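Down below is the structure, laid out as structure tokens.
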Amino acid sequence: MTKYIFFTGGVVSSVGKGVTAAAVGRILKARGISVTVQKLDPYINVDPGTMSPYQHGEVFVTEDGAETDLDLGHYERFIDVNLSQDSNVTTGRVYAEVIAKERRGDYLGGTIQVIPHITNEIKRYIRAVAESSQADVVIVEVGGTVGDIESLPFMEALRQMRSDIGPENTFYVHVTFLPYIAASRELKTKPTQHSVRELRGIGIHPNAIIARADHDIPHEHIEKIALFCDVESRAVIPVATSDVLYNIPLQLEDSGLGDYIVESLGLVGAEPDLSEWTAMIEEIRKPKPSIRIGIVGKYVELHDAYMSVRESLYHAGISNHRQVEVVWIHSGDLEKGKGWEEFESLDGVVVPGGFGYRGIEGKIVAARWARQYEVPYLGLCLGMQVMCIEITRHIIGSDEPNSTEFDAKTSYPVISLMPDQHGLADMGGTMRLGIYPCDLQEGTLAAKAYGKSRVSERHRHRWEFNNAYRDLLSEHGMVYSGLSPDDRLVEIAELKDHPFMLGCQFHPEFKSRPNHPHPLFDAFLNAAVEHQGRRNGRPNNIEVAHKVTKNDQGQQPISEQVNSSGKHKSDGARERSPAA
Ligand code: GLN
């Protein structure tokens, strides 16, 4: 019988409910119990794929190509599992399914209602993930906080699960927050009490309460929450904000939550073995030299938009014994000649994925800088496309080369639309999504990094490297180190005669784990460490910043190219891309 742990949130959002759910997964896995996780999102989008990063943060892509909530990234990183499209269900998806069934006549003339039709559909999704994963325990997290109108059907479905399969198979965790009042220097439990009351009003009595706070939580607060919320005091788990995100499983284990869950659900588990995880935390905490890596993007004010990229850099920092200091660089600023002073002390540059024209020219100049001054560069999806556009502009001596995403009429479409993307009307779920195999060419940086000849990586894009440019670029040092098995698609490109300039058409950041850094991030960071050694405290040359040009020969500043007309000629093209 599958056991279920349901996570709900109270008081405020953004207190780390996803991380906490992921951490519970890790402490159960440490007992040899198999775990999977599912996120139920109350918004009406069918999936987050069409949402702007400003709304939603990163879109996390699973092996089977589902565009999902970024909490799935936490689950995969903490538990080291590969999740699937069953692991993220939204209100939109539930309704779309129910409405499709109604249209087919599946309900035999019935009136379709939230209860039971929507709640049954939600429960069907919950059971589906249990079935497809065959896990001992399914952790289900509901997005938002109790009291939200839109999460009510999900809460009701969770409530029904207890009577459907019995209290011995269900465990409800409510994650709340204790605000700190500076004037009286104390944490407050009242919002937690109210939140639990709200939850009980829906008919869910929590088995455990995880109380998050930015300060240490005194024991009397635990007793108070236990008393007012009618749970055992050992079921109130204090989780003060940790200096290290990956420490949360150890905090939960120390508080006895693992044993409490195992006991309550009658699970059979081994003694918890968190030795590898503990060693990793010790390694993270060791004082070590820092290394500065710039992430050049257009959503940098919102770090969640690059969550997996940032985490992957930290993971590679652990294996390279470096404290990674991420420097957030706004590509739009670079276009205006601003933000370049940061480049003096960068040891590496990452250009992550993205859509739409805004900020592209800044990313291109960042790639140019990395190429000219031999600073390690890692291009992720759009970052690879940018690297190819940049070198083509350099070869041709013109700013014309582009992706048809940004300039539909360019005479040099070095990045062009994949044939199967032509004429698509729907934006949702229609990109090249999920894992594809990639063959590595011997003797390349990529092959050395991976140490094998075939890998599979996760994609999320519409555009590709245009094969008509293969010869031209390879004459100028480009090596196609990763190709699709049929040789048709360039998946990894890297520059010869450069310490590390590599771009991949896929998103390696979705496969990195704190205890298994992704080979490309690992190799990139290793190159950054070498660059740091070569620099030996001296500032990088940032000359290029002062002649921010379309090409190495040209004189016109990027800011003028982009702003003189107020609008780039291809602005219309971005309308077809999500999240521009
Ligand atoms: N906009 C580019 C494309 O669709 C890159 C996408 C990405 O970086 N994920 O091909």
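The values are calculated or read from the model by the stated rules, or taken from the named source; none is laboratory data. If you're wondering where the values come from, they're calculated on a predicted model, not measured in any experiment. Note: ideal-geometry Cβ built from the backbone for every residue, glycine included; neighbour counts use all protein chains shown. Heads up: the accessible areas ignore ligands, DNA and RNA and are worked out on the full protein's heavy atoms, side chains in. Shrake-Rupley method; radii C 1.70, N 1.55, O 1.52, S 1.80 Å.
Checked against (1) hydrophobic (A, V, I, L, M, F, W, C); (2) in a loop (DSSP other than H, G, I, E, B); (3) modelled with pLDDT of 95 or more, Val548 passes all but a single condition, namely (3).
Can Glu400 be described as closer than 25 Å to Val349 by Cα, without any contact (Cβ under 8 Å) to a residue 60 or more places away in the chain, surrounded by 15 or more Cβ atoms within 10 Å (Cβ to Cβ) and away from the ligand (no atom under 16 Å from the Cβ)? Before you say what the answer is, go through the steps one by one.
Values: closer than 25 Å to Val349 by Cα: yes; without any contact (Cβ under 8 Å) to a residue 60 or more places away in the chain: yes; surrounded by 15 or more Cβ atoms within 10 Å (Cβ to Cβ): yes; away from the ligand (no atom under 16 Å from the Cβ): yes.
Answer is yes for this residue.
The residues in the stretch 280-330 that are touching a helix residue (DSSP H, G or I) at 6+ places or on another chain (Cβ under 8 Å), under 20 Å from Glu341 (Cβ atoms) and either part of a helix (DSSP H, G or I) or modelled with pLDDT under 95 (or both) can be counted, and the count is 2. Taking the conditions exactly as written (surrounded by 12 or more Cβ atoms within 10 Å (Cβ to Cβ) and charged (D, E, K, R)), does Glu283 satisfy them or not? Answer is yes for this residue.
When restricted to residues that are polar (S, T, N, Q) and either within 16 Å of the ligand (Cβ to nearest atom) or open to solvent by less than 40 Å² (accessible area, probe 1.4 Å) (or both), the stretch 440-455 contains 1. All of (1) more than 16 Å from the ligand (Cβ to nearest atom); (2) open to solvent by less than 20 Å² (accessible area, probe 1.4 Å); (3) over 19 Å from the mean Cα position of the chain (by Cα) hold for Lys336 with one exception: (2).
Kindly check whether there is at least one residue in the stretch 49-61 that is open to solvent by 20 Å² or more (accessible area, probe 1.4 Å), modelled with pLDDT of 95 or more and part of a loop (DSSP other than H, G, I, E, B). For the stretch 49-61, residues open to solvent by 20 Å² or more (accessible area, probe 1.4 Å), modelled with pLDDT of 95 or more and part of a loop (DSSP other than H, G, I, E, B): absent. Selection of the stretch 457-481 for residues being more than 16 Å from the ligand (Cβ to nearest atom), outside any loop (DSSP other than H, G, I, E, B) and either at positive phi or open to solvent by less than 20 Å² (accessible area, probe 1.4 Å) (or both) yields Leu473, Met478, Ser481.
Is it the case that the stretch 405-416 has a residue that's modelled with pLDDT under 95, more than 11 Å from the ligand (Cβ to nearest atom) and not in a loop (DSSP other than H, G, I, E, B)? No, that holds for no residue.
Conditions (1) out of contact with any Lys or Arg (no Cβ under 6 Å at 6 or more places or on another chain); (2) without any contact (Cβ under 8 Å) to a residue 60 or more places away in the chain; (3) open to solvent by 20 Å² or more (accessible area, probe 1.4 Å), marked per residue:
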position	(1), (2), (3)
Ser290	yes, yes, yes
His321	no, yes, yes
Phe343	yes, no, no
Phe355	yes, no, yes
Gln372	yes, no, yes
Val375	yes, no, no
Gly379	yes, no, no
Met384	yes, no, no
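For Pro419, the criteria (1) modelled with pLDDT under 95; (2) surrounded by 13 or more Cβ atoms within 10 Å (Cβ to Cβ); (3) within 16 Å of the ligand (Cβ to nearest atom) hold in every case but one, which is (2).
Right, Gly383: within 10 Å of the ligand (Cβ to nearest atom), under 23 Å from the mean Cα position of the chain (by Cα), at pLDDT 95 or above and assigned to a helix (DSSP H, G or I) or not? Step through it out loud before you land on a result.
Numbers: within 10 Å of the ligand (Cβ to nearest atom): yes; under 23 Å from the mean Cα position of the chain (by Cα): yes; at pLDDT 95 or above: yes; assigned to a helix (DSSP H, G or I): yes.
Yes; evaluated as a whole, the condition is true for this residue.
In the stretch 462-491, the residues that are of a type in the set (Gly, Ala, Ser) form Cβ pairs under 9 Å with partners that are assigned to a helix (DSSP H, G or I) and open to solvent by 40 Å² or more (accessible area, probe 1.4 Å), at six or more places apart or across chains, as follows: Ser481/Leu445. The residues listed here are Ile99, Ile79, Ile112; of these, the one that is free of Cβ contacts under 8 Å to residues at least 60 places away in the same chain, open to solvent by less than 10 Å² (accessible area, probe 1.4 Å) and β-branched (Val, Ile, Thr) is Ile79. Collect the residues in the stretch 439-456 that are of a type in the set (Val, Ile, Thr) and either part of a strand (DSSP E or B) or free of Cβ contacts under 8 Å to residues at least 24 places away in the same chain (or both), keeping them in residue-number order. Within the stretch 439-456, just Val455 meets the criteria.
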